Amino acid sequence: MPTELNTITNLLLEQGLTLDSHQPHSSGERFLMQAMTTIAGQKFILLGHTTAGEKVVIKVTKDAAGKQEINHERTCRSLINTLNFAYDVFAVPTELLHVTAGGYLINVQLYIPQAVSFLERPLLEQFDFALRAFTAQENSRATTGAHLDLIKKTFGLMETKDYLSTFTNFVEANRADDAVSPLLKQVYQTLTTRALRVTQYGNFLTHNDFVPHNFRIKDNLLYLLDFSAIRFGNKHESWARFLNFMTLHHPALEQAFLTYFKSNRTAEEYESLHLMRLFRLGEIITYYRQTLPKSTGNLHTLNTARIMFWSAVLAAELQNTRVADSIRQAYQTTRDALRTEDEKQRQVGLH
């Protein structure tokens, strides 16, 4: 990695870009986990500044899948607010450069500063910003054949059959785990028997990784940072990812949204949210399962603990209850003990 980063540094200098001395996204678990994945493309996410002193975020890769991902994200970013059924869904960072040099694809966007991280804001502010973002996504639904043709080509569409077939892969990936396998089989049965509810809320704009490190807030606007995860699918997929994240990082916000849902949405919508939470929990368990053969030492131990924790969350969600605080706190203690100092530093202010 150091040699490649030196090459990238020189290429960026030729483009009038200088890297910052501290690169939080090229250390700790972020880089290790990215290096292990074979699903998405590998890329560097770097911080730097222009000759004019503007702070920028630089995405650069020579990996074919990484180039495809960056180009796809760029297309989604440029088109999302131009769809005739989706207006001003997300604020978009300004792109300064998109160029190929020395075999690398380089994309540069203005850095979005924020006074405080999302989770440092008061609970009511967090709730309001997130609700506005979810409502905007809900207002964007493909309802005609022309709409569906467009989004399939550009953003991708997850239909009920896709959720079910994807979940069969989750079941297969975990079949050797006597503790997790029965849970996932039960979830699959639940999704199958309630498939009509998944279909009922289909064809909506969603973001399959809508969590605080993928957006920033400036001047009362929420800027989305990761457009590669935009797709159309079940209306509650973004909600599900967000609430599962808050199960670990901010249970009070999770509970606030569950209370809101029960008071302001129909029982059918709550059921759809529940089903999507089950789906996304199966996904995160499988993600960490697939890292185990490729990780060693503390990271292997930590990812095993992650599987156990998210399995406990899944078992609770199957019963429409919340995981016990004692389980959450025990996992957090284990996680913090196993993380490297680089990763602990990277986490500061991330959310």
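Structural remarks
- Meets criteria (in contact with a Lys or Arg (Cβ under 7 Å, 6 or more places away or on another chain) and either over 21 Å from residue 138 (Cβ atoms) or not charged (D, E, K, R) (or both)) for residue 204: yes
- Selection status of residue 290, touching a residue at least 60 places away in the same chain (Cβ under 8 Å) and in a helix (DSSP H, G or I): yes
- Taken over segment 293-307, the criterion of being closer than 17 Å to residue 339 by Cβ and either part of a loop (DSSP other than H, G, I, E, B) or without any contact (Cβ under 8 Å) to a residue 40 or more places away in the chain (or both) is satisfied by 295, 296, 297, 300, 301, 302, 303, 304, 305, 306.
- Residue identified as without any contact (Cβ under 8 Å) to a residue 12 or more places away in the chain and under 27 Å from residue 118 (Cα atoms) among 214, 220: 220
- Any hit, segment 152-159, residues being at pLDDT below 90 and on the phi > 0 side of the Ramachandran plot: yes
- Near pairs, Cβ below 9 angstrom, 6+ apart or cross-chain, from segment 93-110 (free of Cβ contacts under 8 Å to residues at least 40 places away in the same chain and of a type in the set (D, E, K, R)) to any residue that is surrounded by fewer than 20 Cβ atoms within 10 Å (Cβ to Cβ) and not in a strand (DSSP E or B): 95/74; 95/78
The values are calculated or read from the model by the stated rules, or taken from the named source; none is laboratory data. Treat the numbers as computed from the prediction; the structure is a model and nothing was measured. Every residue, glycine among them, receives a Cβ derived from its backbone with ideal geometry; neighbour counts consider all protein chains shown.
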